[in-house]
Each structure stands twice: as structure tokens, then as C-alpha cells.
Amino acid sequence: MVAIILIVLLALTFDFINGFHDTANAIATAVSTKAMALKNAIIMAAIMNFLGAIISTGVAETIAKEVVDLELIANGTTVMIAALITAIMWNLFTWYFGIPSSSSHALIGSLAGAALADAGASAIEFGGLGKIVASLLVSPIIALSAGFLMFTLFKKLFKGANLGKANFGFRRFQIVTAALQAFSHGTNDAQKSMGIITMALVTHGFQNDMTIPHWVQFACALAMALGTSIGGWRIIKTVGTQIMKLKPVNAVAADLSSALVIQVATHFGLPVSTTHVISSSIMGVGAASRIKGVKWSTAQRMVYAWFTTIPVTIIISAGIFAVLNLFIR
């Protein structure tokens, strides 16, 4: 019983940290263009994250079923504890340095690393894991393309429009797109911890299948909303100001394209990195607006974090599992 309580607490802690780590991306554009004050944006994002998290479980079921085979894992409790500790550590590290890395990558890599340390490659559901990794890697490319196409369409639709009036209108509309962005984040990112908790419940015999209980949905949604409420200025600064100089029209195009990509992924039960998707959408918009206006050095730093997160968390999680396995059986 102590073990299941510890896993639930760690999973909720991960969601809480995810709230101020990843959700900052959802409101970064609105804050950077002064469409919303930081405090109001955070309150709005917390509410929309909560709503998004309680209406969907498809991504949670993917995490619970398609990363590792619980029947082949000898020490499921230790695997989940090691994975959550690693993901939390990585999120705090990247948050502290203002690096918009992926919480999704961190959790998937951590889970795979602990499972490998426990039972070897046989414990990994390579078909499901391959699908998840593919969605995590392909989604930024799709988001970049979507951002490029969206802003290209905007340029044609609003060609000749009064710049001052257009900016005023887009700044007002940003409140809607930022809310949509936060809602989309809730429908996808909060699901990952739900999947871990459900795996723990099955492992400890509290339920027989991977159906996500309603109390798990509510608890994870609340944890993420609370995390969101304390903000995340470091990530907001990186995404909102250090990729390109955003104007309201750029921000709306980026928000709409990234929300579309996240919603499509959620519909198919695929976990994607909202960090990757939002940042890539901004890059796509920047490329369509003025390619030299994109701060590609920041983009390079992000890409480096994107591609190192999974292998680094696999190694760290395997090490933490080895240590914990000496004490937890």
C-alpha cells in the first residue's frame, strides 16, 4: 500500500511540475505580445488545462499499454518509481536553465530505461514504443510546416489590411488561441501521469484492466492546474522572446497551428511534446515571415535538448532503478 501511495504522489508531482514547465509554452506567445498579463494568462491556462485533462484518456491508455509489458517486468513498483524520479529530475533541471525540453520525452525515456534495467529488451513493447517515438519526432516537423503554411495563408488573407487595426484585432483574438492552446495541452500532457498511475493500480491488483479511473483523471488534472498556477517565467521567456520577435499576427498563427497538431495527435491517442510542437510552430511562422528573424541559435539549443532527452533519461533511469532495486522489492 505504501508503494502505490508513493507512485501516485510522484506521478502527481510530475504533473504539478509539468504544469509550470510545459504549460508555460501555451501562454508564452500571449504574454510576450502583451495580449494578456502574466497573472491572467496563468489563471486562464490553469482552468483550460484542467478542463482538457478531464475529458480525454486516449493518450493515457497508450502510455499504460504500449511502452512496457507489465507481465514481463519483475519489479514493476521499482520501475515506475525510478521512471517518475528521473522524469521529475530532468524537468526541474531543464526548467531551471530555461530549456523548453519535452516532459513527454523525459517520461517515455525514463520508463523505458527502468524497464530495460529490470527485464531487458523483452520488457519493451517495441511496436507501441516505436509508434510513440515516431509521433514525438515527427510532430515538430508537422508543426513547423503547419506554422509556415498558416502564416503564409494569413499574409494572403490580410494583405493590405491596416497594420494597427490588424494587430489590435489579433491581440484580442490571442486570448482565444491561448485558451485553445492550454486546453490542447491538458488533453495530451496530463494523460501521461494518468497512464503511470493506472499501470501501478493494475500491478498492485487494484483493478484488472488499463481503464483510467475517474479519480485519477481528476487528481492529475488538478495537479497540473495547480502547477500552472505558479507560472513558469523561465520557459515563457525562451519560447515567447528568444525564438523570434512575435507580433500578434505571428502569435495567432503559431497558436492555431500548434493547437491543431496537438488535437489531431490526441484524437489518435498519440502522446506528443507540446513543447516541441509549440516551439516548432513559432519557427515555422518565423520562417514564413522573415527567415532571418528567427533566432536559430535558440532553435539549435532546443533541438539538442529534444534529441538528448530520451537517451539521457534512459541511462539515468536505469541507474536509479539499479540503486532502488537494492532496497525495494
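The values are calculated or read from the model by the stated rules, or taken from the named source; none is laboratory data. Just so it is clear, the model here is predicted, and its values are computed rather than measured. Cβ coordinates were reconstructed from backbone atoms using ideal geometry, including for glycine residues, and neighbour counts include every protein chain displayed. Side chains included, ligands, DNA and RNA excluded: accessible areas come from the protein's heavy atoms. Shrake-Rupley method; radii C 1.70, N 1.55, O 1.52, S 1.80 Å.
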Expressed in square angstrom to the nearest 10, the accessible area of residue 149 with a 1.4 Å probe stands at 110
For residue 249, the accessible surface traced by a 1.4 Å probe with all protein chains present amounts, in square angstrom to the nearest 10, to 30
Diffing segment 202-217: the Karplus 3J(HN,Hα) column from phi (6.51, -1.76, 1.60, θ = phi - 60°), in whole Hz with x for Gly and Pro, holds 5, 4, 9, x, 7, 7, 9, 9, 8, 5, 7, x, 5, 5, 5, 4
When the chain is treated as a Gaussian network with springs between alpha carbons less than 10 Å apart, the largest mean-square fluctuation among 285, 176, 67 is found at 176
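Determine the gain in length on full extension of the stretch residue 292-residue 263; use 0.36 nm per residue of separation and subtract their C-alpha separation, reporting nm with one decimal. Mind showing how you got there, number by number?
Working: separation 29, 0.36 × 29 = 10.44 nm, distance 3.00 nm.
In short, 7.4 nm is gained.
Which of the trypsin sites (Lys or Arg not before Pro) found in segment 136-199 are loop residues per DSSP with 14 or fewer other Cβ atoms within 10 Å of their Cβ? Kindly include the intermediate steps, with their values, before the conclusion.
Values: sites: 155, 156, 159, 165, 171, 172, 192; in loops: 159.
Answer by residue number: 159.
Assuming R0 = 56 Å, what is the FRET efficiency of residue 328 and residue 34, from their Cβ-Cβ distance, to the nearest 0.05?
Working: r = 50 Å, r/R0 = 0.89.
So, using R0 = 56 Å, E works out to roughly 0.65.
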Bounding extents of segment 57-156 in its principal axis frame from Cα atoms, largest first in Å, are 59, 33, 23
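Tally Lys/Arg at +1 and Asp/Glu at -1 over every other residue whose Cβ is under 15 Å from the Cβ of residue 40; what's the total?
Working: positive: 34, 39, 171, 172; negative: none.
Taking every other residue near residue 40 into account, the sum is +4.
So if R0 is 30 Å, what FRET efficiency would residue 208 and residue 315 give, r being the distance between their Cβ atoms, rounded to the nearest 0.05?
Step by step, r from the Cβ atoms, then E = 0.30.
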CD proxy, 222 nm, the chain: helix-only mean residue ellipticity via -39,500 (n - 2.57) per DSSP H run with n ≥ 4, per residue, nearest 500, stands at -26500 deg cm²/dmol
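How do the peptides 310-318, 117-125, 276-284, 139-147 rank, highest first, by the average count of neighbouring beta carbon atoms within 10 Å per residue?
Highest-to-lowest ranking by the protection proxy: 276-284, 139-147, 310-318, 117-125.
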On each of the three principal axes the extent of the alpha-carbon atoms of the chain, given in whole Å and largest first, is 67, 34, 32
The simple spin-label model distance between residue 153 and residue 167, using points 7 Å out along Cα→Cβ, in nm, is 2.5
In a Gaussian network model of the chain with springs linking alpha carbons closer than 10 Å, the residue among 134, 112, 265 that fluctuates most is 134
Note, segment 184-194: 3J(HN,Hα) by Karplus (6.51, -1.76, 1.60, θ = phi - 60°), whole Hz, Gly/Pro = x, goes 4, 4, x, 5, 10, 6, 5, 5, 5, 5, 4
Within segment 168-221, DSSP-loop chymotrypsin sites (Phe, Trp or Tyr not before Pro) with at most 13 other C-beta atoms within 10 Å are 206
Computed ³J(HN,Hα) along segment 267-281: with the Karplus parameters 6.51/-1.76/1.60, θ = phi - 60°, integer Hz and x for glycine or proline, the list is 4, 9, x, 9, x, 10, 8, 5, 4, 4, 5, 5, 4, 5, 4
Counting only DSSP loop positions in segment 21-101, the chymotrypsin sites (Phe, Trp or Tyr not before Pro) whose Cβ has at most 13 other Cβ atoms within 10 Å are 97
